[in-house]
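Peer 1: Can you keep this structure in mind? I'll have questions shortly.
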Amino acid sequence: MSYGPRLKERKNWGTDDSQTPILHVDMDAFFVSVELLDRPDLRGKPVVVGGGTLRGVVSAASYEARQFGINSAMPLQIAMRRCAQLIVLPARMSRYRAVSEQIMQIFSTFTPLVEPISIDEAFLDVSGARKLYGSPLQIGALIRQEIHQQVGVPASVGIANTKHLAKIASANAKPDGMLLISANRAEDFLRHLPIGALWGVGEQTLKKLNSRGLFTVVDLVNLGQASLEKIIGKAAGAKLYALATNQDDRAVHPPMVEKSISKEETFYEPLQTWEECCAVLLAQSHFIAKKLRSQSLLARTIAIKVRTPDFRTKSRSVTLATPTALGKSIYEVAKDLLAQTEQWSKGLRLLGVRAENLVGAERGVQADLFTEVKEQRAQKAAQAVDAVQEKFGNNFLQLGTNMVFPPRDNR
């Protein structure tokens, strides 16, 4: 999510924070910041974390690298041409996740109302923490202090009365700063921003608005909601106008993550062949994947459970490098786990698949950008099928992988 250009000054807008209980805490150049914990000799140098080859892209760039016009998602080849001294480090997602968990734990010591939106940022509602820790501004300062002392990475904090405004505030507080926007100064603050700073304004929308002579948030406000809806559509116009006037009633919701999602079946007549077992696993995997997607969850661990006619039960599991909510991916892992057991060849009275170690989809960071793009495309296709099935029934449309039953030699 991009919030566009930032204001040049980082001074607080107002002093009254009694009506600004929402904090947005965002780590600065998180991947690079973590790498510098382990490589302090690289501080002050142009450093990027990127793909393992020159065909890769920049995942994060230090502020020294950004001075050369290098930013995230830029091809590494271009980045290296812009800065001959550029230091490129491979991504270490397990390390970043570990540091992220440490930071999220710090958040939870101040308030239970923590809503992670990615590996390096979260919304916090500190309404109930005031008696213990003081005003939102004081709490923001304490959180930054704890992150600095316990973890050692820089963090920027935005404080406002809505999630949208708190997010914009943290972007304007970077690097390593804090910005308060009082409720009574919110519209004043917003009117100074370019339209691109508002959520949902992509390149095409921005071009369309600019072509009408609309460049700043105050231009949208002066235009009026009805006229804006005529330009970009009723729903989009209403939403954008609401954000331009700081109308955002979304609450901070901690993720309600289930411990596991499973599907198992008991058979009166035991499964006797590899093909029968695979067919059952395939259906179960897609059932679990659909349930994961419906709850915006990803599974880091896949497990299977088998029971033979003599009632001996066995389970196997594996933790994935890349968390998933795709039936095909779950099935391939479950099939490999089944192939590692001897019980299936004796006939199975029970067979089941279980997704464990669940995380919110927004935190399911992939191992590299190419894997991420591939996974996202596959997930979008699966979500499209989910939507069609929801409207017309499960038999109206199915993924091709639902109808492929591999022979035994494909184990």
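The values are calculated or read from the model by the stated rules, or taken from the named source; none is laboratory data. In this text, all values refer to a predicted model and were calculated from it rather than measured experimentally. Every residue, glycine among them, receives a Cβ derived from its backbone with ideal geometry; neighbour counts consider all protein chains shown. The accessibility values were calculated without ligands, DNA or RNA, using every heavy atom of the protein model including side chains. Shrake-Rupley method; radii C 1.70, N 1.55, O 1.52, S 1.80 Å.
Peer 1: Kindly check whether there is at least one residue in the stretch 86-100 that is open to solvent by 80 Å² or more (accessible area, probe 1.4 Å), hydroxyl-bearing (Ser, Thr, Tyr), part of a helix (DSSP H, G or I) and out of contact with any Phe, Trp or Tyr (no Cβ under 8 Å at 6 or more places or on another chain).
Peer 2: Taking the stretch 86-100 first, the residues open to solvent by 80 Å² or more (accessible area, probe 1.4 Å) are 90, 92, 94.
Retained after the next criterion (residues that are hydroxyl-bearing (Ser, Thr, Tyr)): 94.
Filter once more, so that each one left must be part of a helix (DSSP H, G or I): 94.
Within this subset, residues satisfying the condition of being out of contact with any Phe, Trp or Tyr (no Cβ under 8 Å at 6 or more places or on another chain) are 94.
Taking every residue of the stretch 86-100 in turn, at least one turns out to be open to solvent by 80 Å² or more (accessible area, probe 1.4 Å), hydroxyl-bearing (Ser, Thr, Tyr), part of a helix (DSSP H, G or I) and out of contact with any Phe, Trp or Tyr (no Cβ under 8 Å at 6 or more places or on another chain).
Peer 1: If you don't mind, there's one more thing I want to ask. Filter the stretch 119-152 for residues that are modelled with pLDDT of 95 or more and basic (Lys, Arg) and give the result.
Peer 2: Arg144
Peer 1: Something else now. Please verify whether Leu350 is at pLDDT 90 or above, assigned to a strand (DSSP E or B) and either open to solvent by 60 Å² or more (accessible area, probe 1.4 Å) or among the hydrophobic types (A, V, I, L, M, F, W, C) (or both), treating the condition exactly as stated. Show your work before the answer.
Peer 2: On the way: at pLDDT 90 or above: yes; assigned to a strand (DSSP E or B): yes; either open to solvent by 60 Å² or more (accessible area, probe 1.4 Å) or among the hydrophobic types (A, V, I, L, M, F, W, C) (or both): yes.
It is true that Leu350 is at pLDDT 90 or above, assigned to a strand (DSSP E or B) and either open to solvent by 60 Å² or more (accessible area, probe 1.4 Å) or among the hydrophobic types (A, V, I, L, M, F, W, C) (or both).
Peer 1: What are the pairs with Cβ atoms under 6 angstrom where one residue, in the stretch 217-243, is among the acidic types (Asp, Glu) and the other, located anywhere, is open to solvent by less than 30 Å² (accessible area, probe 1.4 Å)? Sequence gap at least six, or different chains.
Peer 2: Matching pairs, first to second residue: Glu229/Gly237.
Peer 1: Among the numbered criteria (1) surrounded by 15 or more Cβ atoms within 10 Å (Cβ to Cβ); (2) touching a Leu at 6+ places or on another chain (Cβ under 7 Å); (3) modelled with pLDDT under 95, which one does Val25 miss?
Peer 2: With (1) surrounded by 15 or more Cβ atoms within 10 Å (Cβ to Cβ); (2) touching a Leu at 6+ places or on another chain (Cβ under 7 Å); (3) modelled with pLDDT under 95 applied to Val25, the lone miss is (3).
Peer 1: Of all the helices (runs of 4 or more DSSP H) wholly in the stretch 194-305, which have at least 3 residues that are open to solvent by 60 Å² or more (accessible area, probe 1.4 Å) and at positive phi?
Peer 2: none
Peer 1: Still on this structure, I have one more. For the stretch 235-251, indicate whether the set of residues that are within 30 Å of Phe107 (Cα to Cα), at pLDDT below 95 and among the β-branched types (Val, Ile, Thr) is non-empty.
Peer 2: There is at least one residue in the stretch 235-251 that is within 30 Å of Phe107 (Cα to Cα), at pLDDT below 95 and among the β-branched types (Val, Ile, Thr).
Peer 1: Something else about it: Kindly provide the set of residues from the stretch 68-97 that are out of contact with any strand residue (DSSP E or B) (no Cβ under 6 Å at 6 or more places or on another chain) and within 16 Å of Glu35 (Cα to Cα), ordered by number.
Peer 2: Listed by number, the residues that qualify are Leu86, Pro90, Arg92, Met93, Ser94, Arg95, Tyr96, Arg97.
Peer 1: Inside the stretch 311-346, can you point out the residues that are modelled with pLDDT of 90 or more, of a type in the set (Gly, Ala, Ser) and in a helix (DSSP H, G or I)?
Peer 2: Within the stretch 311-346, Gly327, Ser329, Ala334, Ala339 meet the criteria.
Peer 1: Something else now. Checking the structure you have, find out if any residue of the stretch 42-50 is within 26 Å of Val126 (Cα to Cα) and either open to solvent by less than 30 Å² (accessible area, probe 1.4 Å) or out of contact with any Asp or Glu (no Cβ under 8 Å at 6 or more places or on another chain) (or both). Working first, answer last.
Peer 2: Start the filter on the stretch 42-50 by keeping residues that are within 26 Å of Val126 (Cα to Cα), which leaves none.
No.
Peer 1: Can you give me the number of residues within the stretch 105-155 that are more than 18 Å from Ile181 (Cβ to Cβ), of a type in the set (A, V, I, L, M, F, W, C), open to solvent by 20 Å² or more (accessible area, probe 1.4 Å) and part of a helix (DSSP H, G or I)?
Peer 2: Of the residues in the stretch 105-155, 3 are more than 18 Å from Ile181 (Cβ to Cβ), of a type in the set (A, V, I, L, M, F, W, C), open to solvent by 20 Å² or more (accessible area, probe 1.4 Å) and part of a helix (DSSP H, G or I).
Peer 1: Might you let me know whether the stretch 293-300 holds any residue that is aliphatic (A, V, I, L, M) and at pLDDT 95 or above? Quick ask: steps written out before the conclusion?
Peer 2: So the first thing to find is which residues in the stretch 293-300 are aliphatic (A, V, I, L, M), and the list is 297-299.
Now narrow it down to the ones that are at pLDDT 95 or above: none.
No, that holds for no residue.
Peer 1: May I ask you to verify whether Val99 is under 21 Å from Gly360 (Cβ atoms) and touching a residue at least 12 places away in the same chain (Cβ under 8 Å)? First the steps, then the outcome.
Peer 2: Numbers: under 21 Å from Gly360 (Cβ atoms): yes; touching a residue at least 12 places away in the same chain (Cβ under 8 Å): yes.
Yes.
Peer 1: Select from the stretch 176-193 the residues that are modelled with pLDDT of 90 or more and in a loop (DSSP other than H, G, I, E, B) and write down the one among them that is most open to solvent (accessible area, probe 1.4 Å).
Peer 2: Asp176
Peer 1: Also, I was wondering about something else. Can you find even one residue in the stretch 195-209 that is within 30 Å of Gln145 (Cβ to Cβ) and in contact (Cβ under 8 Å) with a residue 40 or more places away in the chain?
Peer 2: yes
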